[in-house]
Amino acid sequence: MATDPEPSPIPDDLRQFEALEAIIRRLHGPEGCPWDREQTHESLRPHLLEEAYELLEAIDAGEADAIAEELGDVLLQVLMHAAVAERLGEFEFGDVYSRIAAKLVARHPHVFADATAETAEDVRESWEVLKQKERPDKPRLEGVPATLPALAESQTIQGRARRAGFDWPDIQGPLEKLSEEIAELALAETEKDREEEFGDVLFVIAHIAATMGVDGEQALRRANGKFRRRFGLVEQLAAQESLDLNEMDMDTRDELWERAKASERGEL
């Protein structure tokens, strides 16, 4: 009767990648953790999304220690999926490493071969050309995940179309298109039409952001954060003056909002 192999020893230096891999293998091994051994790609899916968003929050906050910790949590999710696949006989840890390594070498011929790329834009253009050569029979937009947040998806698919030459010659074109779409939204009469026209407005805004080199998802996230802060200040000011937000008039609300902005700038 065959016996399970002895688990690999865990290196003392936890800064080594091999130590983390050994820990993950031990968790998923025959004598490992019951919870880990029950996991599947599907059950781990929400954890990967959650950790990715927590990493983004740490990056937005600019906290180096938090970024390091959240990067570790994201890496853990990658290795957990690799361990699940290895346990189920789908692929091995090394397949994950080899595929990304081969892709990086193939898509950086200006580093690993004789091609040249003087600017970051040259690299982006070369990357797209090489990707298309790898899958010549596939539509350009096929590889964009439909599970992306809608704004990020919009910028991604429009970016691919733009790199294929499908774009306005300058920023004036999309700005005029935005005015046109806003006018159509204002005239929409049914719920279905309003939803469609509003989607068109957002689509053009995503295009404008990309054209101007703005990450729309990040810009909106920061705008959300700014509103959270200022609205919190408005609530504090209202409480200090025994005012009810639900009952005050628009002029009073505007005054509190301007005071909140001034407070945020350190002017109060």
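The values are calculated or read from the model by the stated rules, or taken from the named source; none is laboratory data. Everything quoted here is computed from the prediction, not taken from an experiment. Note that we place each Cβ from the backbone using ideal geometry, even for glycine, and neighbour counts take in every protein chain shown. Heads up: the accessible areas ignore ligands, DNA and RNA and are worked out on the full protein's heavy atoms, side chains in. Shrake-Rupley method; radii C 1.70, N 1.55, O 1.52, S 1.80 Å.
Do we find a residue being under 27 Å from Leu220 (Cα atoms), part of a loop (DSSP other than H, G, I, E, B) and either open to solvent by 60 Å² or more (accessible area, probe 1.4 Å) or in contact (Cβ under 8 Å) with a residue 60 or more places away in the chain (or both) anywhere in region 124-140? Yes; the residues of region 124-140 include at least one that is under 27 Å from Leu220 (Cα atoms), part of a loop (DSSP other than H, G, I, E, B) and either open to solvent by 60 Å² or more (accessible area, probe 1.4 Å) or in contact (Cβ under 8 Å) with a residue 60 or more places away in the chain (or both).
If you go through region 207-248 and keep only what is over 14 Å from Asp60 (Cα atoms), exposed (fewer than 13 other Cβ atoms within 10 Å of the Cβ) and among the small types (Gly, Ala, Ser), you end up with Gly213, Gly232, Ala239, Ser242. Within region 35-46, identify whether any single residue is part of a loop (DSSP other than H, G, I, E, B), open to solvent by 30 Å² or more (accessible area, probe 1.4 Å) and modelled with pLDDT of 95 or more, and answer yes or no. Yes. I'd like the full set of residues that are farther than 17 Å from Thr211 by Cα and open to solvent by 50 Å² or more (accessible area, probe 1.4 Å), limited to region 152-182. Listed by number, the residues that qualify are Glu180, Ile182. None of Lys261, Lys226, Lys177, Lys192 is part of a helix (DSSP H, G or I), of a type in the set (Lys, Arg), modelled with pLDDT of 90 or more and touching a Phe, Trp or Tyr at 6+ places or on another chain (Cβ under 9 Å) except Lys177. Of all residues in region 16-34, count the ones that are closer than 17 Å to Leu76 by Cβ, of a type in the set (D, E, K, R) and either in a loop (DSSP other than H, G, I, E, B) or open to solvent by 50 Å² or more (accessible area, probe 1.4 Å) (or both). The qualifying residues number 3.
Please go through region 59-82 and pick out each residue that is open to solvent by less than 80 Å² (accessible area, probe 1.4 Å) and modelled with pLDDT under 95.
Quick first cut of region 59-82, residues open to solvent by less than 80 Å² (accessible area, probe 1.4 Å) only: 60-62, 64, 66-68, 70, 72-82.
Asp60, Ala61, Gly62, listed by residue number.
Residues that are in a loop (DSSP other than H, G, I, E, B) and acidic (Asp, Glu) within region 78-121 comprise Glu90, Glu92, Asp114, Glu118, listed in sequence order.
For region 1-15, the criterion of being of a type outside the set (Lys, Arg), surrounded by 13 or more Cβ atoms within 10 Å (Cβ to Cβ) and closer than 22 Å to Pro149 by Cβ is met by none of the residues.
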